[in-house]
Every structure is written in structure tokens, then in C-alpha cells.
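First the structure, in the form of C-alpha cells, and then the observations on it.
The values are calculated or read from the model by the stated rules, or taken from the named source; none is laboratory data. Just so you know, these numbers come straight off a predicted model, no measurement behind them. Virtual Cβ from ideal backbone geometry, glycine too; neighbours counted across all protein chains shown. Remember, those area values only see protein heavy atoms, side chains included, never the ligands or the DNA or RNA. Shrake-Rupley method; radii C 1.70, N 1.55, O 1.52, S 1.80 Å.
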Amino acid sequence: MTAIEQTEAARPRGTRLPRRARRNQLLGAAQEVFVAQGYHAAAMDDIAERAGVSKPVLYQHFPGKLDLYLALLDQHCEALIQSVRNALASTTDNKQRVRATMDAYFAYVEDDGGAFRLVFESDLTNEPAVRERVDKVTNDCAEAICDVIAEDTGLSRAESMLLASGLGGLAQVVARSWLHSDRSVPRDQAVQLLTSLAWRGIAGFPLHGTEQVH
């Protein structure tokens, strides 16, 4: 059950929940408010009301609005990093790895909760703690892709990281553009188009010890 689903299940005011369940419920409510209103327009009153709790209950778990936002960022940044790692580990076929990685970004932005907006379209990127987390998710995803490129091609770490950053950036920007175009191209077709583009580039770097990528 997602945090937002827990919010829906536990919304009636006055219900006592275990601490972890209450925290997840509050995070789900905060996500709904932040995605809909942005950080600056959101108020702790709105979040407490959405969760069906009093403000003192909310403040028992999170001292302030920024603490709530950072907790959500930590949760959803880690979700994307893990998704990319899982995609890379899902096969040893490098073309399929590219496709799985592209699809991981599309799945992330398509999630109904809209968490990607907190990560990649935040109105709080001037806040150092937010910027640090956004930079970290971008870097950690690139590092995961870099590990595969460096191992398979024999390119230096620095060269592999440049290619990995390009692939990750491509996937993230195109996935968001696709979503904002109201999914004008079916997701599978969009992922295949992007995979074809990315594969034409990365396939030019032969597997280590061979003359071409298989």
C-alpha cells in the first residue's frame, strides 16, 4: 500500500494508528498537497486537514513543512534510484538494459501520485537541502548506469560517467516531456523510440575485448 493509499484508508479524524502507519499517512497527505499546490503555496493546515488529523499530531511527527518535504524527497529519490538499479540488473542483454532503464523513468513520471514533480519540478530548488537531494538522485542513477558502461566497454570511469549522465538525462527529460504532452504517443511506443535513439549511440562503444556491441 502506498503512502497516499494509506492516507485514504486512515483519513477519518480521531483514528489511532501505530507511529509508522501515521507517519506514512501524513507523508501521503503531504504529497497530495505539495504536488497540487507546490511547496510555497502549501500550508501545514492544509496537510493536517487532508490527513484528517490535528496540527499538533502533524507536528509530533514533522517539526516543520521543510522536514515533511525533505522526507518525501528522500523516499521518492530512493525509489527512482532503486528502480534504475533493478532495470540494469534485470537482464544481461545490453539493448534490453537500455530499454528497461528508459522504461523505469517513464514509469516513475507516470505514477499517479505525481512524486516526480517534487523531485524534478520543485519550486524549492534554491533550498540547499533540496538541491542536494535532487543532485544526488541524478548522480546516483548515473553512477548505476556508469558501472555497467565501464565494466562492459572498458572506457575510463570519467568517460563512462559522461555517457551515463547523458543517458539518464535523456530518459528523465523525454519522459517528462511525454507526460506533459498528455501521453500523445503510447508509453510502449515512446519507450521504444527512445531506446532506439539511445541504443544507436551507446552501441557504438564496443564491449570490452570485442570489436562491436552484441
Please work out which residue is farthest from the chain's Cα centre (by Cα), limiting yourself to the stretch 16-55 and to residues that are open to solvent by 40 Å² or more (accessible area, probe 1.4 Å) and within 15 Å of Gly113 (Cβ to Cβ). Arg50
Residue match in the stretch 140-153 (condition: over 20 Å from Asn86 (Cα atoms) and either of a type outside the set (Gly, Ala, Ser) or surrounded by fewer than 16 Cβ atoms within 10 Å (Cβ to Cβ) (or both)): yes
If you scan the stretch 156-179, which residues turn out to be in contact with a helix residue (DSSP H, G or I) (Cβ under 9 Å, 6 or more places away or on another chain) and not aliphatic (A, V, I, L, M)? Ser156, Arg157, Glu159, Ser160, Ser165, Gly166, Gly168, Gly169, Gln172, Arg176, Trp178
Can you say whether Gln212 is at pLDDT 95 or above and open to solvent by 80 Å² or more (accessible area, probe 1.4 Å), as far as the supplied structure shows? no
Which residues, taken from the stretch 172-197, are closer than 18 Å to Ile145 by Cβ, under 20 Å from the mean Cα position of the chain (by Cα) and among the aliphatic types (A, V, I, L, M)? Val173, Val174, Ala175, Val191, Leu194
Within the stretch 114-139, the residues that are small (Gly, Ala, Ser) and buried (at least 17 other Cβ atoms within 10 Å of the Cβ) are Gly114, Ala115, Ser122
Tell me, yes or no, whether the stretch 121-141 has at least one residue that is touching a Leu at 6+ places or on another chain (Cβ under 9 Å), in a loop (DSSP other than H, G, I, E, B) and hydroxyl-bearing (Ser, Thr, Tyr). yes
